[in-house]
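Read-outs: derived from the displayed coordinates by stated rules, not from any lab. Owing to the predicted nature of the structure, the values given are computational and were not obtained by experimental measurement. No Cβ is skipped: glycine too gets one built from the backbone with ideal geometry, and neighbour counts run over all protein chains shown.
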Amino acid sequence: MRRTKEEAENTRTAILTAAELLFLKKGVSHTSLEQIARQAGVTRGAVYWHFQNKAHLFHEMLNQVRLPAEQIAEHINQCDPNNPISGLRNLCVEALLTMGRDERKRRIFTILLRRCEFTDDLREAEERHEAFINEFIDLCEQLFSEPTTVKRLHPSITPRMAALSLHAMLLGLLSDWLRDPKLFDVKLAGPMLDALLRGIMIDWQASDTGCD
């Protein structure tokens with residue numbers, strides 16, 4: 001029985017990997033389950049044994065990685081409560097650096113941002129993606145609204161504006177780097193985020209502290 005379960009898991013993993021490679025190359029809407037089965041070296045019936053349809057397979061592919069907003073939200077409580085924006089900045093930088101180190105995460109996020117057309121059958125995945133984006137923006141707004149932080153904002157910057165700006169910067173850096181990794185060294189993410197934060201906060205200075 002153990003061997004059967006191991007074989008089933010190996011087949012499932014092979015299907016997910018095949019889907020990632022084909023989604024990346026052809027786009028989600030232009031990839032069929034039959035093509036995925038051939039790429040994985042399994043029958044189409046084996047694909048349907050593990051996944052209800054392509055939307056289910058796509059959803060399970062996303063579950064293989066943590067979305068940056070999800071990753072940041074999960075660890076923000078580890079940051080120094082007296083300097084939460086420094087911790088937030090460091091978590092954003094780490095999310096980008098992780099993308100540079102983790103090939104699977106990089107592949108899946110390229111699919112999500114650049115190879116995916118959110119048709120009706122992928123609505124659930126789109127809603128999940130949008131929910132994490134909104135959660136991240138709301139979390140950032142809360143941190144920028146903290147009494148120790150809000151007084152450090154430039155007079156023309158509201159906590160909401162600061163949160164939206166940080167999200168736009170993070171998403172822009174991620175999207176541009178996935179489009180062309182040679183455009184900039186991902187290690188420059190920290191200094192680039194510092195440049196944005198200097199425009200948001202009166203006394204911002206780059207800091208490598210704030211999180212455990």
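Numerical summary
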item: Amide H within-cut-off set for Leu153, under 5 Å, with H built and near neighbours excluded; result: Ile202
item: The chain: DSSP helices with Cα axial extent of at least 27 Å and average Kyte-Doolittle hydropathy no lower than -1.0; result: 2-26, 123-144, 159-179
item: Kirkwood Rh (inverse of mean 1/r, distinct Cα pairs), region 100-148, angstrom; result: 12.9 Å
item: Rel. contact order, % - alpha carbon contacts under 8 angstrom, at least six apart, region 68-200; result: 31 percent
item: Arg160/His56 FRET efficiency (R0 45 Å; Cβ-Cβ; nearest 0.05); result: 0.80
item: 222 nm mean residue ellipticity, helices alone, for the chain (DSSP H n ≥ 4; -39,500 (n - 2.57); rounded to 500); result: -22000 deg cm²/dmol
item: Cα Rg, Dmax, the chain, angstrom units; result: 19.9, 66
item: Set of lysines near Lys187 by C-alpha distance (under 27 Å), chain-local residues within fewer than 8 positions excluded; result: Lys25, Lys105
item: Max mean-square fluctuation residue, GNM over the chain, Cα-Cα springs under 10 Å, options Val93, Val28, Val150; result: Val150
item: Gap separating the Cα centres of region 148-177 and region 49-64, nearest whole Å; result: 34 Å
item: Max mean-square fluctuation residue, GNM over the chain, Cα-Cα springs under 10 Å, options Ser145, Ser165, Ser156; result: Ser156
item: Of Arg115, Arg101, Arg12, the one that fluctuates the most in a GNM where the chain has Cα springs shorter than 10 Å; result: Arg101
